[in-house]
1. With each pseudo-label sitting 7 Å past Cα toward Cβ, what's the Gln259-Thr236 distance in nm, one decimal?
2. Quick one: check the C-alpha center-to-center distance for region 102-181 versus region 44-90, whole angstrom.
3. With r as the distance between the Cβ atoms of Glu101 and Arg371 and R0 = 25 Å, compute the FRET efficiency 1/(1 + (r/R0)^6) and round to 0.05.
4. Which value, to two decimals, describes the C-alpha radius of gyration of the chain once divided by 2.2 N^0.38 Å?
5. How high is the FRET efficiency between Gln87 and Thr49 when r is their beta carbon distance and R₀ equals 22 Å, given to the nearest 0.05?
6. Place the peptides 237-244, 358-365 in order of packing, highest mean first, counting for every residue the other Cβ atoms within 10 Å and averaging per peptide.
7. From the mean inverse distance of alpha carbon pairs (Kirkwood) and the Cα radius of gyration, derive Rg over Rh for region 282-334.
8. Considering every pair of different Cα atoms, what Kirkwood radius, in Å, is found for region 186-233?
Amino acid sequence: MNTTRRTAAAAVLLALLLPAPLLAASAASAAPAAAADARTTGPELPAPTGRFAVGQEDLHLVDRSRTDPWAHTGPRELMVTLRYPAQRGTGRAPAPYLSTEEARLILTDRNMENVVDPAVFAATRAHARVGARPVDGRYPLIVLSPGFTVPRATLTALAEDLASRGYVVAAVDHAYESAATAFPGGRILTCLACDQAQQEGGHEAVTNVRAQDVSFLLDRLTGRHPAWRHAGLIDTSRIAMGGHSIGGAAALTAMAADQRIRAGVDMDGGLPEPYPAAGIGGRPFMLLGSAASVPGGQSGNWSKLWPDFDGWKRWITLDGTDHFGPTDFPAIRDRLGLPHPDAPLDGPRAVELTRTYVAAFFDQHLKGQPRLVLDGPRPEAPEVRFHNP
């Protein structure tokens, strides 16, 4: 698992962030001015598409009832970015996408520290405003969990869009499971779980830890004494989870362990085996995969476990994408004017399709709003394929 992950991530980031001196002269001269600017000031993510502006706050949570399973000492810690519907014109400029040190450590983890300028990656620009005043109301809560070794920041475009459509979104960094995560006090935690997860049963160990993390997060957001000052925005009866890669796999484990989670989305993550013995009680689940995640492709065990989903379910793939298609990486790559032959789908289009189908799933199952895009192929989205092996 680790070797595959590192290889895939290195390939994506190499195409994503190659600096101008390594590009062919003809490609550099053909790049538009916006891409040239992005290589020096940082690319900008696609703007959210919903009717609300988006507010953002970070939250540090400490679970003193658990010893950290990867450090084997100290309590379990989480860093969470909360995004929510906000009043336009309030708040201040967005927080940095990553600190330069986080970006440097992530690139070093992939042996790319001498190829990519960390400041370019770190300077990616988003749209939520820190401390913005919320729009009064009660909104469904969606928890987002990132892929292994990559931070919660990589799901920013999706999180911002969901918040703009009327959701509270909690994107989680699980301590010691990313190549770098900044915590209060200037601490940056690195991936202690990486080597341990290579052992037999490591994939399931990570998903089990994340399921516990999510249950603790829900306790702290929806309990009698919530840790977030705007927790009153959350409709505690409408909670769902999604994630990328192992974060998507963890959505299934978390649903099996916590009945509060009403629906789940796995974005291109191999599912935990065996399928949870308790199942998920017919609750809806969607598999949203890359071009390689078609039945019989490189999706791993989706075909094997597909019959175990006994409720509403969909298996959808996006042609022209790779494993990191549901994340910010394709859009950032294209903003820099860099080609990626293994994932030719236009970056903003990959973001658009991910946003469309993920939001449609949550709209249908948390808001009771039927979405026709989930019923099958549509002529305006020829990249989207539905499967039912």
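Bear in mind these aren't lab numbers, they're just calculated from the coordinates by the rules spelled out. Model, not experiment: these values are computed from the prediction. When we count neighbours, we look across all protein chains shown, and the Cβ atoms used for this are built from the backbone with ideal geometry, even at glycine.
1. 1.5
2. 8
3. Numbers: r = 41 Å, r/R0 = 1.64.
E(calc), rounded to 0.05, equals 0.05.
4. Working: Rg = 19.5 Å, N = 389, 2.2 N^0.38 = 21.2 Å.
Rg over 2.2 N^0.38 Å, computed on Cα atoms: 0.92.
5. Working: r = 18 Å, r/R0 = 0.82.
FRET efficiency, Gln87 to Thr49: 0.75.
6. On the way: 237-244: 24.8, 358-365: 22.0.
Going by the mean number of other Cβ atoms within 10 Å, highest first, we get 237-244, 358-365.
7. Numbers: Rg = 12.6 Å, Rh = 12.1 Å.
Rounded to two decimals, Rg/Rh equals 1.04.
8. Details: mean 1/r = 0.0770 Å⁻¹.
Taking every pair of different Cα atoms in region 186-233, averaging 1/r and inverting gives 13.0 Å.
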